[in-house]
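Colleague: Pasting a structure below so you can have a look.
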Amino acid sequence: MKPTPLIRMQQVGKQYHLGKTVVTALSGIDISIEHRDFMVIAGTSGSGKTTLLNLLGLIDSPTSGTIFFNGESVGDDRHKQTRIRRDSIGYIFQTFNLVPVMNVYENVAYPLILKGVAGSARRELVERALSQVGLSDRRKHKPRELSGGQRQRVAIARAIVKDPGIVLADEPTANLDSSTGGEILDLMTLLNEELGTTFVFSSHDPMIIAKAKTTVRLHDGRIEQYEVAA
Amino acid sequence: MTFLLMGFRNLFRQKRRTATALMVITFGIGCLLLTMGHTAFIDWGLREQTIHSETGHLQLFNDRFFQKEEETILEFGIDDAEEIAASLQQFLEVQLVQSRISLMGLISNGDKSVAFIGDAIEPEKERQLRTMFADNGSARFDSLIVHRGEEVISLGAALARSLNVQYGDWVTLMTSTVDGALNAVDLRVVDTFRDGTVEYEKRAVNIPLPVARRLLMTDRVGKLIVTLDKTEHTLVLRDRIITWAAENGYGLTVKTWKEQAAYYRQVVQFFRQITGFISLILLIIVFFASVNTIVMALVERTREIGTLLSVGTSRAQTVMMFWCEGLLLGLIGSVLATLFALAVSALVNGADIMLPPAPGSSSGYPLSIRNEFAVFVRVAAATVVASGFSSLLPALRVTRMKIVDALGHI
């Protein structure tokens, strides 16, 4: 029996209202994201990559269609969305989006605090995540004291620390030089292979696309190509 | 705890803005504390001055005095004043019991007659009463004490000027006796006094109690004044004395100093209204200082709010984070305001500054600030509540915020 996809989108569409003009950002999207996938949503600027990622991350709502998370329809229930985001989704932003008043350790620990993980269990998970991204020696540093690559590593640690079902990354290498971007990509590939963490990227970085197991190419808000590597 | 800590750190991200808000709160609430401290000093000073110069803590009257209008003076006076006064000493809290008669009539120097209102007193005990809190004009009774047993009188300074009499001159006091007949007595002026109220000084006289009793042809007194060791014991002793009087068959009504001190009540009411108005204005200032800080923080941190929401922070938790900032702003402001008020009050109290007389008064009063812990706690609580509430209103915007819009905020 085929396992239930982690996330399934069924005929999902998204429209924006800009004054009296209606802009269709996405239309008729059908996607299934399987466990342990390493998916890239590719496309030119304005093709709808970020909108699709936002819908997958439940930080935006579709105007049509249905999103299923672990087989369960998410719907419009804000509390349910918050619970799924808190427990099952990690998010990595293009601009890192670390909380500046927290140090590295606190930024990574924050999702666990939200989940109610306390004491030594929390410490162990944070230390492990920091070790996985190679920043154990930077735990006391504030984000402003880190390089761009280090900040993105902290963001990755924050995303994986709670062992989410899926990590969504919005152009994670776009603000990094190619060498650092490569290191970050290698790290995420390693996490996917060793821990089985599911990753979904929005990117037009050929380096990321080359490593993808699944590539979804968008054009004008529609899926132009859906390719699963052999 | 995490949100409180985050609130604290976020508060000092924009140091200059937070410092400005704290300065507004510190200065505003500090001034409020100083105003309330000065009002408390006036309240306390006036209370103790009233008690220890006029009312004592308790006043005992004949039961019928408040039930029916007297047709003649002392118709409803107290008969066994000396016996009751001696018995009241059994209460450990009772420090002093003295008798008084209030009387009125005409006073004349032979050429001119004017109306007077007077108190027949026990000068030694009046002197003692006025030294129990602070020396509150006790010297005005010295001459009456020196001339104990003589037919003497002390006049209000303005009355003495009006009658053009001086030490050693004679005046005639005329009033009706307890039977309604007219009676008069010649008394030698041995002193004049000032009482702080010009209008009162134009009519006031003090005479020894025995002289009044002879003039009124009675052994009764109008009331007994009971002074206690502490003002805080007033209500307890009132109840105990009422019980004691009932058990011993004395038909007495006991009034507290507050019931008898109309002027005190008016002054305190007046100051409370002023302080209440100032409090309201200053709390509004605190409210807006806090609102401004939190609104600016919200605008600047919209993207961060989006991030927190996207990693699973609930909207309620995000609102709580800003609420904590508001509470902390109020709390820190309250602590600084308290320190400010303590420092300024120490300076002011040490400077011995005298304020000019109030309207209708003939003497000034000290600019002094009485710091009361309960007032500090009340004001700090009000500040924290105002500041917390003011942060809650803008923070509620988070509940309507779309995460994608917040993340896209620049």
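The values are calculated or read from the model by the stated rules, or taken from the named source; none is laboratory data. No experiment lies behind these values; they were computed from the predicted model shown. Please note: Cβ atoms are built from the backbone with ideal geometry, for glycine as well, and neighbour counts cover all protein chains shown. The area values use the complete protein model at the heavy-atom level, side chains included, leaving out ligands, DNA and RNA. Shrake-Rupley method; radii C 1.70, N 1.55, O 1.52, S 1.80 Å.
Colleague: For the subset of the stretch B:128-149 comprising residues that are free of Cβ contacts under 8 Å to residues at least 60 places away in the same chain and within 16 Å of B:Ser99 (Cα to Cα), which member is nearest to the chain's Cα centre (by Cα)?
Modeller: Here the residue is B:Gln128.
The rows are residues; the columns are (1) at pLDDT 90 or above; (2) open to solvent by 40 Å² or more (accessible area, probe 1.4 Å).
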{"site": "B:Pro357", "(1), (2)": "no, yes"}
{"site": "B:Val384", "(1), (2)": "yes, no"}
{"site": "B:Arg397", "(1), (2)": "no, yes"}
{"site": "B:Ala406", "(1), (2)": "no, no"}
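Colleague: Kindly list, by first and then second residue, each pair from a residue in the stretch B:47-64 that is at positive phi to a residue that is modelled with pLDDT of 90 or more and of a type in the set (Val, Ile, Thr), limited to pairs with Cβ atoms under 6 Å and residues at least 6 apart or on different chains.
Modeller: Correct list of pairs: B:Gly56/B:Ile225; B:Gly56/B:Val226; B:Gly56/B:Thr227.
Colleague: Looking only at the stretch B:154-176, decide whether some residue is farther than 16 Å from B:Gly110 by Cβ, in the same structural domain as B:Val97 (by TED's automatic domain parsing) and touching a residue at least 60 places away in the same chain (Cβ under 8 Å).
Modeller: yes
Colleague: Would you pick out the residues in the stretch B:301-356 that are without any contact (Cβ under 8 Å) to a residue 60 or more places away in the chain and not in a helix (DSSP H, G or I)?
Modeller: B:Val311, B:Gly312, B:Thr313, B:Ser314, B:Ala351, B:Asp352, B:Ile353, B:Met354, B:Leu355, B:Pro356
Colleague: Can you tell me which residue is farthest from A:Leu191 (Cα to Cα) among those in the stretch A:108-155 that are aliphatic (A, V, I, L, M), open to solvent by 40 Å² or more (accessible area, probe 1.4 Å) and in a helix (DSSP H, G or I)? Before the answer, list the steps.
Modeller: Residues of the stretch A:108-155 that are aliphatic (A, V, I, L, M), as a first pass: A:108-109, A:112-114, A:117-118, A:121, A:125-126, A:129-130, A:133, A:135, A:146, A:154-155.
Cutting the leftovers down to open to solvent by 40 Å² or more (accessible area, probe 1.4 Å) gives us A:113, A:118, A:121, A:125.
Next cut, in a helix (DSSP H, G or I) only: A:113, A:121, A:125.
Working: A:Ile113: 23, A:Ala121: 21, A:Leu125: 15 Å.
Step by step, filter the stretch A:108-155, then rank; the result is A:Ile113.
Colleague: Here's a follow-up. Among the listed residues A:Leu112, A:Leu98, identify the single one that is in contact with a helix residue (DSSP H, G or I) (Cβ under 9 Å, 6 or more places away or on another chain), more than 10 Å from every other protein chain (Cβ to nearest Cβ) and within 19 Å of A:Val154 (Cα to Cα).
Modeller: Working: A:Leu98 fails: more than 10 Å from every other protein chain (Cβ to nearest Cβ).
Just a single option satisfies the conditions, and that option is A:Leu112.
Colleague: Shifting gears a bit: Residue under question is B:Glu83, and the condition is that it be outside the structural domain of B:Val319 (by TED's automatic domain parsing), at pLDDT 90 or above and either assigned to a helix (DSSP H, G or I) or small (Gly, Ala, Ser) (or both); does it hold?
Modeller: The answer is yes for B:Glu83.
Colleague: Shifting gears a bit: Run B:Lys255 past the list (1) more than 14 Å from every other protein chain (Cβ to nearest Cβ); (2) part of a helix (DSSP H, G or I) and report the number of the one that doesn't hold.
Modeller: Failing condition for B:Lys255: (2).
Colleague: Separate question: Here is a list: B:Glu124, B:Glu83, B:Glu75, B:Glu54. Which entry is open to solvent by 70 Å² or more (accessible area, probe 1.4 Å), more than 32 Å from the chain's Cα centre (by Cα) and closer than 19 Å to B:Gly222 by Cβ?
Modeller: Sole residue among the options that is open to solvent by 70 Å² or more (accessible area, probe 1.4 Å), more than 32 Å from the chain's Cα centre (by Cα) and closer than 19 Å to B:Gly222 by Cβ: B:Glu83.
Colleague: Additional query: Look at the stretch B:261-316 and say how many of its residues are more than 14 Å from chain A (Cβ to nearest Cβ) and among the acidic types (Asp, Glu).
Modeller: 0
Colleague: Additional query: Scan the stretch B:325-347 residue by residue and report those that are open to solvent by less than 10 Å² (accessible area, probe 1.4 Å) and within 14 Å of chain A (Cβ to nearest Cβ).
Modeller: Start the filter on the stretch B:325-347 by keeping residues that are open to solvent by less than 10 Å² (accessible area, probe 1.4 Å), which leaves B:325-326, B:329-330, B:333-334, B:337, B:341, B:345.
The answer is B:Glu325, and nothing else.
Colleague: Within the stretch B:154-214, which strands (runs of 3 or more DSSP E) (wholly inside it) include 1 or more residues that are of a type in the set (A, V, I, L, M), open to solvent by 10 Å² or more (accessible area, probe 1.4 Å) and touching a strand residue (DSSP E or B) at 6+ places or on another chain (Cβ under 9 Å)?
Modeller: Details: elements: B:170-176, B:182-193, B:204-208.
Passing ranges, in order: B:170-176, B:182-193.
Colleague: Would you mind stating whether A:Thr82 is within 13 Å of another protein chain (Cβ to nearest Cβ), in contact with a strand residue (DSSP E or B) (Cβ under 7 Å, 6 or more places away or on another chain) and of a type in the set (Ser, Thr, Tyr)? Give the derivation first.
Modeller: Details: within 13 Å of another protein chain (Cβ to nearest Cβ): yes; in contact with a strand residue (DSSP E or B) (Cβ under 7 Å, 6 or more places away or on another chain): no; of a type in the set (Ser, Thr, Tyr): yes.
Spelling it out, it is not the case that A:Thr82 is within 13 Å of another protein chain (Cβ to nearest Cβ), in contact with a strand residue (DSSP E or B) (Cβ under 7 Å, 6 or more places away or on another chain) and of a type in the set (Ser, Thr, Tyr).
Colleague: So which of A:Gly65, A:Gly90, A:Gly75, A:Gly71 is surrounded by 15 or more Cβ atoms within 10 Å (Cβ to Cβ), of a type outside the set (S, T, N, Q) and at positive phi?
Modeller: Working: A:Gly90 fails: at positive phi; A:Gly75 fails: surrounded by 15 or more Cβ atoms within 10 Å (Cβ to Cβ); A:Gly71 fails: surrounded by 15 or more Cβ atoms within 10 Å (Cβ to Cβ).
Among A:Gly65, A:Gly90, A:Gly75, A:Gly71, only A:Gly65 is surrounded by 15 or more Cβ atoms within 10 Å (Cβ to Cβ), of a type outside the set (S, T, N, Q) and at positive phi.
Colleague: Now for a different question. Quick check on B:Arg272: is it in a helix (DSSP H, G or I), surrounded by 13 or more Cβ atoms within 10 Å (Cβ to Cβ) and modelled with pLDDT of 90 or more?
Modeller: Here the answer is no, as B:Arg272 does not meet what is asked.
Colleague: Could we say that B:Ile353 is in contact with a helix residue (DSSP H, G or I) (Cβ under 7 Å, 6 or more places away or on another chain) and away from every other protein chain (no Cβ under 14 Å) here?
Modeller: Numbers: in contact with a helix residue (DSSP H, G or I) (Cβ under 7 Å, 6 or more places away or on another chain): no; away from every other protein chain (no Cβ under 14 Å): yes.
Here the answer is no, as B:Ile353 does not meet what is asked.
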